[in-house]
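Presented below is the structure to which this report refers.
The values are calculated or read from the model by the stated rules, or taken from the named source; none is laboratory data. Please read these numbers as outputs of a predicted model, since none were measured by experiment. Note that each Cβ is placed from the backbone with ideal geometry, even for glycine, and that neighbours are counted across all protein chains shown.
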Amino acid sequence: MVSAALRQAFSQPDRAGASQALRHVADQLRAKWPKLAGFIDNSETDVLTHLDFPVQHRTKTHSTNPIERLNKEVKRRADVVGIFPNEASIIRLVCAVLLEQNDEWAMQHRYMQIEGMAELTAGSNENTPPRLDRMIR
């Protein structure tokens with residue numbers, strides 16, 4: 001019953017509707033399971049964060065699979081090397097793997113469409129993080 005009610009909250013088209021549905025589920029559970037209701041209340045921001053992204057990206061941002069895949073690739077490359085002489089060599093290897101993945105996503109397999117991501121960064125040029133390729137040099 002609880003999972004069906006939670007699924008209904010996650011199927012809402014926007015964050016306001018999902019937040020309202022999630023609060024409604026928590027209120028229904030509060031009398032019988034107060035700890036569960038409190039957990040739902042406390043985790044609302046975290047579990048609904050993917051709704052802040054454009055609609056076409058939501059199915060991809062609700063999962064951590066791409067990050068886990070990237071971390072496995074970094075670990076695989078680091079295991080091949082074995083022992084690193086210093087911290088700078090580790091940073092160079094990790095940055096090289098990240099740049100390679102960035103190039104692959106930019107040229108071949110775009111995980112997220114650039115047009116949709118442009119909506120997120122339209123007004124935030126002053127808060128842009130430094131680019132990774134500039135940090136390596």
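Structural remarks
- Output for segment 18-76, where each listed residue is among the charged types (D, E, K, R) and within 14 Å of the chain's Cα centre (by Cα): Asp46, Asp52, Arg58, Lys60, Glu68, Arg69
- Of the residues making up segment 1-36, those that are among the small types (Gly, Ala, Ser) and within 22 Å of Ser63 (Cβ to Cβ) are Ser3, Ala4, Ala5, Ala9, Ser11, Gly17, Ala18, Ser19, Ala21.
- Residue that is assigned to a helix (DSSP H, G or I), loosely packed, with under 10 Cβ neighbours inside 10 Å, in the same structural domain as Trp105 (by TED's automatic domain parsing) and at pLDDT 85 or above, where the choices are Val80, Val94: Val80
- Some residue of segment 21-35 being touching a Gly at 6+ places or on another chain (Cβ under 7 Å) and in a loop (DSSP other than H, G, I, E, B): no
- Residue check: Ala106 meets all listed conditions (1) without any contact (Cβ under 8 Å) to a residue 24 or more places away in the chain; (2) surrounded by 12 or more Cβ atoms within 10 Å (Cβ to Cβ); (3) of a type in the set (A, V, I, L, M, F, W, C); (4) in a helix (DSSP H, G or I) but one, namely (2).
- Filtered by the rule that a residue be assigned to a helix (DSSP H, G or I) and in contact (Cβ under 8 Å) with a residue 24 or more places away in the chain, segment 11-20 gives Arg15, Ala18, Ser19.
- Verdict on Thr121 being within 30 Å of Ser11 (Cα to Cα), out of contact with any helix residue (DSSP H, G or I) (no Cβ under 8 Å at 6 or more places or on another chain), at pLDDT below 90 and surrounded by 10 or more Cβ atoms within 10 Å (Cβ to Cβ): yes
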